[in-house]
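Notes follow once the structure below has been shown.
The values are calculated or read from the model by the stated rules, or taken from the named source; none is laboratory data. As the structure is a computational prediction, the values presented were derived from the model and not from experiment. Heads up, the Cβs are rebuilt from the backbone with ideal geometry, glycines too, and the neighbour counts pull from every protein chain shown.
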Amino acid sequence: MQVVGLVIGGLYGLGILAMVMVGLVALGAQGPEAIGTVIVLAGSALFLGWLIIPVVASGLDMTLDPARFTTYSIPMKSLLAGLALSSFIGVPGAVTLLATVGTAAAWWQHPLSALVAVLCGALAALTCIVASRAITAASASLASSRKFKDFSGMVLLVPLILLGPIITGVTAGIQDLQEYLPSLANTLSWTPLGAVWAVPAEVAAGHWVLAGAKLVIALAAVAALTLIWKICLAKALVTPAYAGSSRRSAGHMGFFKLFAATPTGAVAARSMTYWFRDPRYGTGLIMAPLLPLVFVFAGSQAAGTGSLGITLGLGGVLAAFLIVWSISSDISYDNTAFALHLAAGVSGTADRSGRALAAGTLGLLLGVLYAVVGAGIGGSWALLPATLGLTIGVVGSALGLASVFSSRFTMNAPLPGDSPMKSRPGNNFPAMLVQLAGFAGVGVLIVPELVLTIIALATHQPLFGWISLAVGVVLGGALLLAGIRMGAGQYNRRAPELLLAVSADR
Amino acid sequence: MSDRAAPGQRPPALAIRGLAKRFGSKVAVNSIFLDVPAGSFYGLVGPNGAGKTTSLSMATGLLRPDAGQVWVHGVDVWGSPLEAKRLMGLLPDGVRLFDRLTGEQLVTYAGLLRGMDKDTVADRVKDLLATLDLAKDAGTLVVDYSAGMTKKIALASALIHAPRLLVLDEPFESVDPVSAANIKDILNSYVESGGTVIVSSHVMDLVQRMCDHVAVIAGGNVLAAGTVDEVRGGLSLEDKFVELVGGRNQTAGLQWLRTS
Ligand SMILES: Nc1ncnc2c1ncn2[C@@H]1O[C@H](COP(=O)(O)OP(=O)(O)OP(=O)(O)O)[C@@H](O)[C@H]1O
Ligand SMILES: [Mg+2]
């Protein structure tokens, strides 16, 4: 299998290399300034790629992990040289070397620059390798720590969610950028990122002093990176691959100080802690608040900024719903840790209401915040009760239904400690049906508030907003209590079966 | 409340009557009967897959039995579970912990879940962490604990409410000798003060020295039960275990693993 992978990777690399070479030769028809600009920009991007990709990928795979060499005693110099050389043997290293040396092809009109480009290309390739090695060595102890894994997994999601707005922003920006590119290239050529790429262009223009200065910058960069690499590697070699976070002594009770010292309060404090500490909950907590912003963005594209306040408020309702509904799979997320609730004889009421209290607090805070901010931005204070009514109604109804669902169904959730994005093998179809049924159920339960809020927004009659608020509080509260009661009864009857279901899920 | 399993004045700490469980076609526990006298230190031994964990899970209310009944100090575990669970402390094997809590938070959580008041919990958490040599790591997340530390913090969670019956599934696995000795001291003085302990273990030597009663389980059946001296009948417990359970390989072993 590995051989097949290597062949495919090699073919892919060759394809890219061929495209780059064709591009470079075609580029050669331009004037030296244009050639210089393009190569400096592309080269800087290449450096950045070699710097960033190993760090981002390190969560998934640590092929360059210095920790692997801990057990061999190899002299440092041989180790550095050997590691650097071995990088050129792999597909990415080899393609990079050929492409960077190949930049000489762009200088076919300027033989002297072409010669310089061959040497600078080799230097550039070496810089790429050393830079990526240095940064992997530097992040090795970091990347193997649990905190880094938790954190990077969650943060990487943010650009994914905001992809739409980012793409639009970038395409709008590129039009302005075109005039800006040459000066950007010029600036970059004075930094370690772009210096080495600019040398042949300076030679072609006859600026010998500038060429020399930029070469010095490039050489200094390689030297500095090698030094960093050496120090970090030396350190990584003597530290064990995994050193847990430093020891902390007692006295940090966190949310346990905030909630009442009762079974319900304890469950709420534990759930709250998980919302902030477990990446499986944390991603939800990061994604939900971003969602209204995506809404606002889409809304402003479609209908201008007039409806901004309302969109923000309604987006907040959705965000609150996403947070509170996630307790419908709470016991699946607990996995067998749930055995503690069972062994301790926690009553269904305490279990259900504790979980609802934590998620409800977060959901309600978020929903109300967006409703108020939305009303402020849109200047539509009179309609605030309408959005608030819907928010409160949704939070209450969804919590109630989720409390029933989570004591009835378990699903194939990511295991504790796994990446939140990891999909688990197995039949997920029934679980999806259950989720859809839950969405539909909440949709039905909130019909009164929804209708009232829509009327209020459409007719701009605050009276309906106030009615919606009253209905939201009363109906949402009633559904929440009913849901917790039903869920608690079900929990008391079925808790051992729930534990068995999640333990099959190991 | 039914008392028919409670012979005499003092009901046994744990009375198991005909407990059975099958997973699919596999019979994990085949209708076992067991009496654990109050105040005894009871060992449960058996080969891997014998059904120890399954039996203890059913006896403590974690796993619903297909048939049979269990009483803890005369309280029906499956009839009045909340009352029975107040009397028991459980260290389960092979289950996760809420490991994104710190050690201190986890033990506090276990105490509060049982409805104990805040100050008692705080005092006992401090005592437990100090005794189990975890005080320096009290604020570390349990997910960052070593295997032995994890066992110890789970044990602390089982002890926090001062139960009358302690059920410990493999409590000494991956625990270092010093901590193991500390745990043994705790358990011994607990038994002396009238508590009852059930431990499952693979280490015969440890069971022979530590326990006064023992039951041998294999293939979901109780092969022998009683005081340690009754069960081993002059042999060492280890030899008696091998005799009862069988399964020693009588072939010449791995010929290629000889160095000369
Ligand atoms: N959830 C389950 N689903 C299916 N089979 C199970 C399950 N739990 C246990 N078993 C089976 O029941 C039998 C008894 O398992 P149990 O865990 O009780 O053994 P044990 O005596 O605790 O073993 P060990 O000494 O290895 O801990 C085993 O054959 C096991 O495969
Ligand atoms: Mg077991």
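Within region B:186-202, is there a residue that is away from ligand 2 (no atom under 16 Å from the Cβ), free of Cβ contacts under 8 Å to residues at least 60 places away in the same chain and under 18 Å from B:Val228 (Cα atoms)? Checking region B:186-202: at least one residue is away from ligand 2 (no atom under 16 Å from the Cβ), free of Cβ contacts under 8 Å to residues at least 60 places away in the same chain and under 18 Å from B:Val228 (Cα atoms). Taken over region B:146-171, the residue count meeting the criterion of being over 15 Å from B:Asp133 (Cα atoms) and in a loop (DSSP other than H, G, I, E, B) is 7. Looking across B:Val121, B:Val95, one residue alone is within 13 Å of another protein chain (Cβ to nearest Cβ) and modelled with pLDDT of 95 or more. It is B:Val121. B:Leu128 fulfils the conditions (1) within 14 Å of chain A (Cβ to nearest Cβ); (2) over 30 Å from A:Asp418 (Cα atoms); (3) surrounded by fewer than 23 Cβ atoms within 10 Å (Cβ to Cβ); (4) not hydroxyl-bearing (Ser, Thr, Tyr) except for a single criterion, (3). Taken together, A:Leu156, A:Leu184, A:Leu219, A:Leu215 contain a single residue that is at pLDDT below 70 and surrounded by 12 or more Cβ atoms within 10 Å (Cβ to Cβ), which is A:Leu156. Screening B:Ser57, B:Ser40 for residues that are near ligand 1 (Cβ under 8 Å from one of its atoms) and buried (at least 16 other Cβ atoms within 10 Å of the Cβ) leaves exactly one candidate, B:Ser57.
Just to be sure, is A:Gly489 small (Gly, Ala, Ser), modelled with pLDDT of 95 or more and either away from ligand 1 (no atom under 16 Å from the Cβ) or not assigned by TED's automatic domain parsing to the domain that holds A:Arg352 (or both)? Working first, answer last.
On the way: small (Gly, Ala, Ser): yes; modelled with pLDDT of 95 or more: yes; either away from ligand 1 (no atom under 16 Å from the Cβ) or not assigned by TED's automatic domain parsing to the domain that holds A:Arg352 (or both): yes.
Criteria met by A:Gly489.
Could you please let me know if B:Leu97 is among the hydrophobic types (A, V, I, L, M, F, W, C) and either part of a helix (DSSP H, G or I) or within 16 Å of ligand 2 (Cβ to nearest atom) (or both)? Taking the combined requirement at face value, the residue does not satisfy it. When the residues of region B:194-208 are filtered to those that are assigned to a loop (DSSP other than H, G, I, E, B) and at pLDDT below 90, the one that is nearest to ligand 1 (Cβ to nearest atom) is B:His202. Can you name the residue in region B:98-118 that is more than 18 Å from A:Val346 (Cβ to Cβ) and facing chain A (nearest Cβ under 8 Å) and is also surrounded by the fewest Cβ atoms within 10 Å (Cβ to Cβ) among such residues? Among residues in region B:98-118 that are more than 18 Å from A:Val346 (Cβ to Cβ) and facing chain A (nearest Cβ under 8 Å), the one surrounded by the fewest Cβ atoms within 10 Å (Cβ to Cβ) is B:Asp99. Could you tell me whether A:Gly354 is at negative phi, in a helix (DSSP H, G or I), buried (at least 24 other Cβ atoms within 10 Å of the Cβ) and over 21 Å from the mean Cα position of the chain (by Cα)? Criteria met by A:Gly354. Is it the case, given these coordinates, that A:Gly367 is at positive phi and in the same structural domain as A:Pro263 (by TED's automatic domain parsing)? So A:Gly367 fails the test.
Determine if region A:364-386 includes at least one residue that is in contact with a Leu (Cβ under 7 Å, 6 or more places away or on another chain), crowded, with 24+ Cβ neighbours inside 10 Å and within 14 Å of another protein chain (Cβ to nearest Cβ). No; the residues of region A:364-386 include none that is in contact with a Leu (Cβ under 7 Å, 6 or more places away or on another chain), crowded, with 24+ Cβ neighbours inside 10 Å and within 14 Å of another protein chain (Cβ to nearest Cβ).
Of the numbered criteria (1) within 16 Å of ligand 1 (Cβ to nearest atom); (2) without any contact (Cβ under 8 Å) to a residue 60 or more places away in the chain; (3) not polar (S, T, N, Q), the one B:Gly46 fails is (2).
In the set (1) modelled with pLDDT of 95 or more; (2) away from ligand 2 (no atom under 16 Å from the Cβ), the condition left unmet by B:Gly8 is number (1). For region B:144-193, taking the residues that are among the acidic types (Asp, Glu) and within 12 Å of another protein chain (Cβ to nearest Cβ), the one that is farthest from ligand 1 (Cβ to nearest atom) is identified as B:Asp144.
Could you figure out which of (1) more than 16 Å from ligand 1 (Cβ to nearest atom); (2) closer than 30 Å to B:Thr54 by Cβ isn't true of A:Ala482? That leaves (2) as the condition not met.
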